[in-house]
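Worksheet: the structure to be examined is printed underneath.
The values are calculated or read from the model by the stated rules, or taken from the named source; none is laboratory data. If you're wondering where the values come from, they're calculated on a predicted model, not measured in any experiment. All Cβ positions, even for glycine, are placed from backbone atoms using ideal geometry, and neighbour counts span all protein chains on display. Side chains are part of the model used for accessible areas, which takes the heavy atoms of the whole protein and leaves out ligands, DNA and RNA. Shrake-Rupley method; radii C 1.70, N 1.55, O 1.52, S 1.80 Å.
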Amino acid sequence: MCPASSGPPVSLLGIRRHLFAALAIAVTACASMTGAKAQVDQIDGAWAQIESNAGACPGCRISFDQGNASWAVTANNGWTARVSARPNGDTTKATGVGRWDSGLTGGFAGKPFEVDFAVRDQRLYMSMVVDMKNGSKRVIRGVYGRIWFGA
């Protein structure tokens, strides 16, 4: 006669433990990837300028349109850029290069630049370094807010 058993066989119990551990790891991994994607997606869409060291421009807007591995940034005041974004703690950062439209009048016409963006607390912070004709660099800083938040 077999002794009475108080639970499932040890091998079934071991399988259950392994499955539970694998499930917990999968759920944790998916949650962290979803959070990172949501964080990077914070930069997508339209933004309105709130302030800038280049002068007030209440009608200035920029838009981020996601491509395969980067974003196309288009400004309604004559510049475009291509940036790559990545989560960084509680901040989403994006870095890239661009160019002012050559059809503009003034010192920025056709000038290349490097640009960095950071999203913090519902604000988009921009730092643009423009290569000027005389070899100097001009730094333009701006702060943007979401249009639908009443930027």
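Looking across segment 49-79, the residues that are assigned to a strand (DSSP E or B), open to solvent by less than 60 Å² (accessible area, probe 1.4 Å) and not β-branched (V, I, T) come down to Q49, S52, S63, F64, W71, A72, A75, W79. Residue selection: A94 fails the criterion of being under 18 Å from R146 (Cα atoms), touching a residue at least 60 places away in the same chain (Cβ under 8 Å) and assigned to a strand (DSSP E or B). Against the list (1) touching a strand residue (DSSP E or B) at 6+ places or on another chain (Cβ under 8 Å); (2) over 18 Å from W47 (Cα atoms); (3) among the hydrophobic types (A, V, I, L, M, F, W, C), the condition L104 fails is (1). Of all residue pairs spaced 6 or more apart or on separate chains, those with beta-carbon atoms under 7 Å, a first member in segment 103-121 that is touching a residue at least 60 places away in the same chain (Cβ under 8 Å) and surrounded by 16 or more Cβ atoms within 10 Å (Cβ to Cβ) and a second member that is charged (D, E, K, R) and assigned to a strand (DSSP E or B) are F117/K93.
In segment 71-85, the residues that are closer than 18 Å to Y125 by Cβ form Cβ pairs under 6 Å with partners that are surrounded by 15 or more Cβ atoms within 10 Å (Cβ to Cβ) and of a type in the set (F, W, Y), at six or more places apart or across chains, as follows: W71/F64; V73/F64; W79/W100; V83/W71.
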